[in-house]
1. Just to verify a result, which residue in segment 56-73, among those that are among the hydrophobic types (A, V, I, L, M, F, W, C) and touching a residue at least 12 places away in the same chain (Cβ under 8 Å), is surrounded by the fewest Cβ atoms within 10 Å (Cβ to Cβ)?
2. Which of the residues spanning segment 171-212 are farther than 16 Å from Gly42 by Cα and either under 17 Å from the mean Cα position of the chain (by Cα) or outside any loop (DSSP other than H, G, I, E, B) (or both)?
3. Select from segment 218-260 the residues that are at pLDDT below 90, of a type in the set (Gly, Ala, Ser) and in contact with a Phe, Trp or Tyr (Cβ under 9 Å, 6 or more places away or on another chain) and list them in ascending order.
4. Please specify each residue of segment 1-29 satisfying the condition of being at pLDDT 80 or above, more than 13 Å from the chain's Cα centre (by Cα) and among the hydrophobic types (A, V, I, L, M, F, W, C).
5. Specify which of the listed residues (Ile133, Ile142) is of a type in the set (A, V, I, L, M), more than 22 Å from Ser34 (Cα to Cα), touching a helix residue (DSSP H, G or I) at 6+ places or on another chain (Cβ under 8 Å) and modelled with pLDDT under 80.
6. Answer yes or no as to whether Ala244 is touching a Gly at 6+ places or on another chain (Cβ under 8 Å), within 22 Å of Phe118 (Cβ to Cβ) and surrounded by fewer than 24 Cβ atoms within 10 Å (Cβ to Cβ).
7. Tell me which of these Ile242 doesn't satisfy, since it passes every other one: (1) touching a residue at least 12 places away in the same chain (Cβ under 8 Å); (2) outside any helix (DSSP H, G or I).
Amino acid sequence: MISSNKPSLRFHPFILLFISILSVSISSIMIKFSDTPTSVAGMYRLFITVIIMLFFVPWKMFRSIEMNKKEWSIVILAGLFLGLHFLFWMESLVYTSVASSMVILALQPLFVMTGSYFLFKERVKLLTIFCLIVALLGSIVIAWGDIGISKDALIGDGLSLIGTFFASAYLLAGQKVSRKINANVYSIFVFFIGGSVMLVYNLINNFSLIDYDTSDWTYFLLLAIIPTIFGQYIFNLLLNSIGATTVSVGIIGEPILAIILAYFLLGETISSFQFLGGMMTLIGMGMYFWSKSLKYKVQDVTD
């Protein structure tokens, strides 16, 4: 764990971004295989993460926080956005396919880029827009054969779209306060608030909070460790160094990694649409990160 508000990264930020995208890409497969309510899984995913992280964060970090009421309100909003993102996106997988949900999630960079322009006055180059369009078209091609048109699929797609909006707002809020609060402390606060959002939802819907099998608790723990600590936490860690837009662009690669994982773990075949779309997405992302790579040298982000 780090000890200052500006993260001290021992690896190139793009390497960390790849690790985080790989980690979160596993979550959709895990969610599909579980019969537990998605809101309960999401709640324990975040609460268990908080418990684990508390063992590694010195209490002096909490005492050294210097933020005003407005900045604290942004942290609270970020936690609410995260909880709502998990609530809507995880529930969308009950109604629609992973592929359809992933395509909608690929819209996240467009939302974040728009927000970054108004909040941080970040200018967008034509090359960046072109790269994003290529990557987004690739994501659409990947899911073309799996996109559903049934009533349930449309409900799931709508939930995924709402979840994507909240995920974008979460990243933008995090970037807004990333220079004011340590990434570890920030993650603990937003994960706790996000888990509390789902706790309230579970109580309102009278979902059981403890009546689960050992396999379910193992599933909750794995969700906390893999897609949250090695995924969402690293996203928070990178906000101060590469920004919300670049983090969100990396998320476009999640469908490709999910397809590769499904091939090796589930024995699923890779269709021609998936291969073609994957190549388009990789080309678009590759061009984007190549244009950004000159700004992020290893010596600028290491101790």
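The values are calculated or read from the model by the stated rules, or taken from the named source; none is laboratory data. Since the structure is predicted, the reported quantities are computational estimates derived from the model, not experimental observations. Here Cβ is always computed from backbone atoms with ideal geometry, including for glycine, and neighbour counts include all displayed protein chains.
1. Just the residues of segment 56-73 that are among the hydrophobic types (A, V, I, L, M, F, W, C), to begin with: 56-57, 59, 61-62, 65, 67, 72.
After this cut, where a residue has to be touching a residue at least 12 places away in the same chain (Cβ under 8 Å) as well, the list is 56-57, 61-62, 65, 67.
Working: Phe56: 9, Val57: 18, Met61: 18, Phe62: 13, Ile65: 16, Met67: 13.
So, considering only residues that are among the hydrophobic types (A, V, I, L, M, F, W, C) and touching a residue at least 12 places away in the same chain (Cβ under 8 Å), the one surrounded by the fewest Cβ atoms within 10 Å (Cβ to Cβ) is Phe56.
2. Answer for segment 171-212, where residues must be farther than 16 Å from Gly42 by Cα and either under 17 Å from the mean Cα position of the chain (by Cα) or outside any loop (DSSP other than H, G, I, E, B) (or both): Leu171, Leu172, Ala173, Gly174, Gln175, Lys176, Val177, Ser178, Ala183, Asn184, Val185, Tyr186.
3. Scanning segment 218-260 gives Ser241, Gly243, Ala244, Ser248, Gly250, Gly253.
4. Phe14, Ile15, Leu16
5. On the way: Ile133 fails: modelled with pLDDT under 80.
None of the others qualify; the one that does is Ile142.
6. Working: touching a Gly at 6+ places or on another chain (Cβ under 8 Å): yes; within 22 Å of Phe118 (Cβ to Cβ): yes; surrounded by fewer than 24 Cβ atoms within 10 Å (Cβ to Cβ): no.
In short, no.
7. Result: Ile242 passes all but (2).
Yes/no per residue for (1) among the small types (Gly, Ala, Ser); (2) touching a helix residue (DSSP H, G or I) at 6+ places or on another chain (Cβ under 6 Å):
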| position | (1), (2) |
| --- | --- |
| Ser20 | yes, yes |
| Ser25 | yes, yes |
| Ile31 | no, yes |
| Thr36 | no, yes |
| Ser39 | yes, yes |
| Gly42 | yes, yes |
| Phe55 | no, no |
| Phe81 | no, yes |
| His85 | no, yes |
